[in-house]
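Enquirer: Got a structure for you, written out below as structure tokens; questions coming shortly.
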Amino acid sequence: MPHLLTDIRHTFVLHVVAAHFNNGLLPASLLFLFLTLVSGDPYFERTVLHLIILALCMVPVSFFSGLRDWRTKFHSGRAPIFYRKIWLTAILFFLVGGAAALRLTHPDLVLHDGVFKRIYVGCLLSTLPVVVLLGHYGGKLAFQWKNINR
């Protein structure tokens, strides 16, 4: 066990953990949203709310740890991929924040058809391609950086 803790201390990368956290939470929230829409069970939708609030709290952690890694590992290199990741993170924050704000101000919005329900569902569905692109660009950077430093 002490070897494991030492290994984690020397190899832990906050940005990777925070980014993967959101990449797991948001698709899971979509699964529970789908279950809500199919079954009409409000308890599934309550889980959606919990997951998106948790994701909303983790987006800034991922963003700022990513900026730190960009400065230290890539020396603040000016490349389009970094700017894409910054823009995508901002978009993700606004999508999740908008969905959370809508849900908190309209607790029963999923139970009734209306414009707020469509915006809410649209925001949540839009998070999926955003997290996929963020992960794709992050993977490109990780593998490129790994190959450069061999």
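Enquirer: From 72, 89, grab the single residue that is more than 17 Å from the chain's Cα centre (by Cα) and of a type in the set (Ser, Thr, Tyr).
Expert: Result: 72 is the single residue among 72, 89 that is more than 17 Å from the chain's Cα centre (by Cα) and of a type in the set (Ser, Thr, Tyr).
Enquirer: Specify which of the listed residues (92, 133, 109) is more than 16 Å from residue 16 (Cβ to Cβ), modelled with pLDDT under 95, surrounded by 15 or more Cβ atoms within 10 Å (Cβ to Cβ) and not charged (D, E, K, R).
Expert: 109
Enquirer: Here's something else I'd like to know. List, please: which pairs have Cβ atoms under 7 Å, are six or more places apart or on different chains, and start with a residue in region 126-146 that is farther than 22 Å from residue 28 by Cβ and end with one that is of a type in the set (A, V, I, L, M)?
Expert: Partner pairs satisfying both residue conditions: 140/81; 141/81.
Enquirer: Please verify whether region 35-42 includes one or more residues that are buried (at least 16 other Cβ atoms within 10 Å of the Cβ), more than 10 Å from the chain's Cα centre (by Cα) and modelled with pLDDT of 90 or more.
Expert: Taking every residue of region 35-42 in turn, at least one turns out to be buried (at least 16 other Cβ atoms within 10 Å of the Cβ), more than 10 Å from the chain's Cα centre (by Cα) and modelled with pLDDT of 90 or more.
Enquirer: Let me spell it out: the conditions are (1) under 26 Å from residue 137 (Cα atoms); (2) loosely packed, with under 14 Cβ neighbours inside 10 Å; (3) not acidic (Asp, Glu), and residue 104 meets all of them except one. Which number is the exception?
Expert: (1)
Enquirer: Applying the selection to region 112-130, what residues are among the aromatic types (Phe, Trp, Tyr) and surrounded by 20 or more Cβ atoms within 10 Å (Cβ to Cβ)?
Expert: 120
Enquirer: Looking only at region 109-125, filter to residues that are in contact (Cβ under 8 Å) with a residue 24 or more places away in the chain and within 18 Å of the chain's Cα centre (by Cα); which one of those is farthest from residue 36 (Cα to Cα)?
Expert: 123
Enquirer: A follow-up question, please. Can you tell me which residue in region 43-89 is farthest from residue 123 (Cα to Cα), limited to those that are among the charged types (D, E, K, R) and at pLDDT below 90?
Expert: Out of the qualifying residues, it is 73.
Enquirer: Among the listed residues 91, 8, identify the single one that is of a type outside the set (Gly, Ala, Ser) and either part of a loop (DSSP other than H, G, I, E, B) or touching a helix residue (DSSP H, G or I) at 6+ places or on another chain (Cβ under 9 Å) (or both).
Expert: Only one candidate qualifies: 91.
Enquirer: Tell me yes or no: at least one residue of region 58-74 is out of contact with any Ser or Thr (no Cβ under 9 Å at 6 or more places or on another chain), assigned to a helix (DSSP H, G or I), more than 18 Å from residue 13 (Cα to Cα) and aliphatic (A, V, I, L, M).
Expert: no
Enquirer: Still on this structure, please answer the following. Please count how many residues of region 30-57 are over 30 Å from residue 73 (Cβ atoms), in a helix (DSSP H, G or I) and among the small types (Gly, Ala, Ser).
Expert: Result for region 30-57: 1.
Enquirer: Which numbered condition in (1) free of Cβ contacts under 8 Å to residues at least 60 places away in the same chain; (2) farther than 19 Å from residue 104 by Cα is the only one that residue 22 fails?
Expert: For residue 22, the exception is condition (1).
Enquirer: For region 70-89, which positions are crowded, with 18+ Cβ neighbours inside 10 Å and either of a type in the set (S, T, N, Q) or out of contact with any Phe, Trp or Tyr (no Cβ under 9 Å at 6 or more places or on another chain) (or both)?
Expert: 89, the sole residue that qualifies.
The values are calculated or read from the model by the stated rules, or taken from the named source; none is laboratory data. This structure is a prediction, so every number in the text was calculated from the model and none was measured. Positions of Cβ are backbone-derived with ideal geometry, glycine not excepted, and every protein chain shown enters the neighbour counts.
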